[in-house]
Amino acid sequence: MKIKLRCTAKPQSFLCLARFLGSALPFALPVVGLTLLFLSAGAQERRGTVPQTPQSLDLIVGKSLLVDSIHPMERVSVGLGGFAEATAVSPSEVLLSGKAPGETSLIIWQDDGSKLYYDVAVRPSRFLAENRIALADRQLKEELPGQNIQLSLEDDTFFLRGRVKDMTSAERAYSIASTLGKAVNLLYVDVPQPEAQILLKVKFASVDRNISRQIGVNLFSTGAANTLGSISTGQFNPPGLTMPTGANPAAVTLSDALNVFLFRPDLDLGATIKLLESRGLLEVLAEPNVMAQNGKPASFVAGGEFPYPVVQGSTGAGGAAVTIQFREFGVRLNFIPTITPRGSISLRVAPEVSALDFTHGLTVNGFSVPAITVRKLDTAVELNEGQSFAIGGLLDNRVTDSLEKVPFLGDLPILGKFFQSKSRTKENTELLVIVTPELVRPIPHGAPLPQLKYGIPFMDPNTPADMMTPAKDTAVFAPPSSIPVEILLRSLQAESVNADQSRAIAAPLAAPMPSPGTSPKR
């Protein structure tokens, strides 16, 4: 049996199937059922009920792209219109435009019942960023020529990569990159050369001279004309008289043996004549030499420590306690050298020469405390290498005349000299401090080392060869040519902390010494 079916409608409308069912014979029902199942499955597949894997589309804000469809389109939909916009420009083409950074989806319905799925990623425009990067690159090349520096942008963050020659170049490159926004410094910096070593030569030259002349007469009587007494101006210690007691006659006690002593027992008259001339000379020459790194403090002390008593405050009925402290004396030098951009050396220098002076000392609670003669200064100078400055100088001439006489008797011609005392002291002090900075370099390997010149030969050494470190070729550590900028920055910060600690340690050396008999401030 043959069945002919003529259908002019579309297959998906199933009109042909309805006509067929109306005219078909009952024995054809099984065949028609199978046909319905087959057509239904095909229609579902064409209508997109079966899940499909979406395709990816990348779009930039401000730009557009065309999406083609094989079959004519019936409908187009964009998930979030704030990120992208779809416009049909023909039955089979859609113009997709990016509006804002984000992600959305695009679905296209075709006239054959199928659907097209797209995942759309809208990325920000790099035009302005690339333009700014180009301007920053030009600035980097102009300000830091010949250095390998790259600037890139990733997710609104600018990354600075490459290699520069010093820390200053790294800081300038980071400053330029920071003008664009958030920047990350990933630069490598060439390992810097060792800091320059500065040798400071200081010369102290001091000469103190003094001349003293003393003339005076003290007259005394042990019983002349039944009178005991003495005539003195009081400038020089007169002899002491002891009154007679019973069988003991009057006695004379001399307090100063450096006198011309005259006494007439038959007249009970005597005199002490002061005729003294003294000369003093003190010469001091000190040449401390100290080496330090650029910008680092250095100090030098050559001398000793002397004890001096400090009286503490008393409490209650108890007496004041006395403690002993020690203070340094000798040759001291504190300085901080800094190499300026001009190539000169700026110095903050505080030299000092002190010595014990027992002549002008004092006694506190039985303790003999010497005085200290000090020659010191604190100044700042700027010199070129090898130049010298006289940073301190003193020319001091003093003349002290002292005349004492007995009223009326001291004004008599000729005889009045016996009733006068005269003292004249001349002092002359000359001080000169000269400072000379020099840039020094290590002694080359194998060069002879400086040696002291001994007055007498020393013992022969037991070890025939000098101790030494291994040769260079046996060294294990090899310093890198460049390191990350943050590592170099940490090392510079550590050096700065060490310098601050050195200044704190050297600060008490330059502090003024408290006077004996007073407790130090706490």
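Taking all protein chains as shown and a probe of 1.4 angstrom, Glu85 keeps an accessible surface of around 100 Å². Diagonalising the gyration tensor over the Cα atoms of the range 392-459 and scaling each eigenvalue by 5 before taking the square root yields semi-axes of 63, 19, 6 Å, largest first. Among the listed pairs Lys99/Lys182; Lys141/Lys296; Lys115/Lys182; Lys376/Lys453; Lys296/Lys376, those with a Cα-Cα distance over 32 Å are Lys141/Lys296; Lys115/Lys182.
Using all pairs of distinct alpha-carbon atoms, the Kirkwood hydrodynamic radius of the range 111-205 works out to 16.9 angstrom.
For the listed peptides 410-423, 195-208, 434-447, a ranking on the average number of other beta carbons within 10 Å per residue, highest first, reads 195-208, 410-423, 434-447. Measuring only protein heavy atoms, the 1.4 Å probe finds Arg163 accessible over about 100 Å². Could you compute the net charge surrounding Val164? Neighbours are other residues with a C-beta less than 10 Å from the C-beta of Val164; K and R count +1, D and E count -1. My count for the surroundings of Val164 gives 0.
The values are calculated or read from the model by the stated rules, or taken from the named source; none is laboratory data. All values derive from a computational prediction rather than experimental measurement. No Cβ is skipped: glycine too gets one built from the backbone with ideal geometry, and neighbour counts run over all protein chains shown. Calculation scope for accessible area: heavy atoms of the full protein, side chains included, ligands and nucleic acids excluded. Shrake-Rupley method; radii C 1.70, N 1.55, O 1.52, S 1.80 Å.
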